[in-house]
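Have a look at the structure below before the remarks.
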Amino acid sequence: MSKIIKAAVAVAVLGAAGYAGATWYVGQKIDGKLDQWTAQAKGYKLVQVADRKFERGFWTSVETVTYRIGCDEASAVPLPPEGLSVTVRNTVQHNPLNAGITTEFVYSKEAKEALAKMFKDQQPLTIYTKVALNGELTTDIASPAASLAQDGGKVQWKGLKGTFKYDQDLSWLKSTFELAGAEVQGPTGEIMHFGKLVSQSDRVRAAEGLYVGKDAVQWEGLSAHFNASEGRAVDFSVGKSKFDGASEIKAGLLSGKVSGQFDDLMVNKAKLGALTLGYDIERIDAKALKTYNDDTWIKGWLQCNFEPQGEQQRLKALVTALLAHDPAFKMKLALKNAAGEGSYQLELASQDVAEQDFANPMALLGKVNASLAVQVPQALVKQLITQLDPENAEESQAQFAMALAQGMERGFVQTEGDLVKAKLVLKGGAIEVNGQPKTMADFLQ
């Protein structure tokens, strides 16, 4: 045998040994992770591992786990006394060049027959997790389009798909999720259409344990047609919509913003306009919020502890910790169409609130600053009354005019041309309405 052939054989043997070693290593890592997740689940009462079988192999391992979801106390959770059983099968491929986990639900005979009516010979849901050599994971989920006609109605499911990328420790998560939409038709002419929805998220886990980052959602809207109880037809629709959110933690304090827009709101074919919204939060104690989440989920619900008293205590501890950093909250809602723009703005902020202040409402009131501003064109109000309740429009218009006159007489509202405005300010325990001091007694008259 020539030296070159011997060298080639040696390289091949080394390569095969290396590949086999890598396969063994990948198998140990993935199989060990499944063991770890099962061990974690054993610490919970709400979700328990009722049965687990693990068939370990060199190239492939198969795990079949049955989870029981429920609590021993029948009244503790809105589930059947015997609980619910869910069986999952994970097939693990150890190939280091294509390592991954195929996850599938194991359905009962009755469930299979019911799903077959809609999905025919298709799998209702597929889940595959690819495991990279650097430890990063990518989970793809998908559900195919399907339909079901029964009892004079029809459901058309247009499918979904999603991709989730993360590391083994879940220190970061990037995801894209797409819901293709759905349509429902009732036996007496009811119709609902849910448009395509796409969401994207990019988050990291901060040192405080909360996930922060950016999120975006785009939605093609929905429409519905049905008959009200008195037989009158009702149509409702929302056009294209979008939401954007961002959050961050600095010096242990969480801040975040959310903005959104719903285009072309329509009721009974009448255009109401576009609705926009915005929320801002500042100076939220991230550690306190994480403690509340852990106490509620890990120490509370997952341990079958649903006692209201415990929830009240957790909320009190959270609110006390949050207020220690003088948090602030802002919100704005606006509806705009050809008749003008109506808006609702709320701002809240606290200063030096202590736990003992909760026992003294007047002391607490003096440490909360708030403002509420509302404005709406009269033309917009009249248009909405006419469009939403045409049969009683004249009476409703008269009631609005009377309420406006009474509000102006008491100083609660003002007019500026066609615009109706009102602003309430609470600061240092004092109340102002449209720049004029008021007392609680003024609101009770």
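Return yes when Arg283 is closer than 19 Å to Lys330 by Cβ and in a strand (DSSP E or B) and no when it is not. Yes: the conditions hold for Arg283.
Between Phe358, Phe412, the distinction of being part of a helix (DSSP H, G or I), among the aromatic types (Phe, Trp, Tyr) and more than 23 Å from Phe236 (Cβ to Cβ) belongs to Phe358 only. With respect to the conditions (1) under 27 Å from Gln48 (Cα atoms); (2) surrounded by 14 or more Cβ atoms within 10 Å (Cβ to Cβ); (3) of a type in the set (A, V, I, L, M, F, W, C), Leu170 falls short on a single one, namely (2). A search for C-beta distances below 6 Å between a residue of segment 163-185 that is farther than 22 Å from Trp219 by Cα and any residue that is among the β-branched types (Val, Ile, Thr) and surrounded by fewer than 16 Cβ atoms within 10 Å (Cβ to Cβ), counting only pairs 6+ apart in sequence or on different chains, returns Lys165/Thr138; Trp172/Val204. Taken together, Ala206, Ala216 contain a single residue that is within 23 Å of the chain's Cα centre (by Cα) and either without any contact (Cβ under 8 Å) to a residue 12 or more places away in the chain or surrounded by 17 or more Cβ atoms within 10 Å (Cβ to Cβ) (or both), which is Ala206. Residues that are closer than 28 Å to Gln345 by Cα and touching a Gly at 6+ places or on another chain (Cβ under 9 Å) within segment 274-288 comprise Ala274, Leu275, Thr276, Leu277, Gly278, Tyr279, Asp280, Ile281, Glu282, Ile284, Asp285, Ala286, listed in sequence order. Restricting attention to segment 156-186, the residues being within 17 Å of Ser143 (Cα to Cα) and hydrophobic (A, V, I, L, M, F, W, C) number 7. Only one entry of Leu333, Leu302, Leu323 meets the criterion of being closer than 24 Å to Asp357 by Cβ and among the aliphatic types (A, V, I, L, M), and that entry is Leu323.
Here is a yes/no grid of residues against (1) modelled with pLDDT under 95; (2) out of contact with any Lys or Arg (no Cβ under 9 Å at 6 or more places or on another chain):
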residue: Ile191; (1), (2): yes, yes
residue: Asp202; (1), (2): no, no
residue: Leu210; (1), (2): yes, no
residue: Gln218; (1), (2): no, no
residue: Phe236; (1), (2): yes, yes
residue: Gly239; (1), (2): yes, yes
residue: Gly245; (1), (2): no, no
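The values are calculated or read from the model by the stated rules, or taken from the named source; none is laboratory data. The model shown is predicted, which means the values in this text are computed figures rather than measured ones. Note that we place each Cβ from the backbone using ideal geometry, even for glycine, and neighbour counts take in every protein chain shown.
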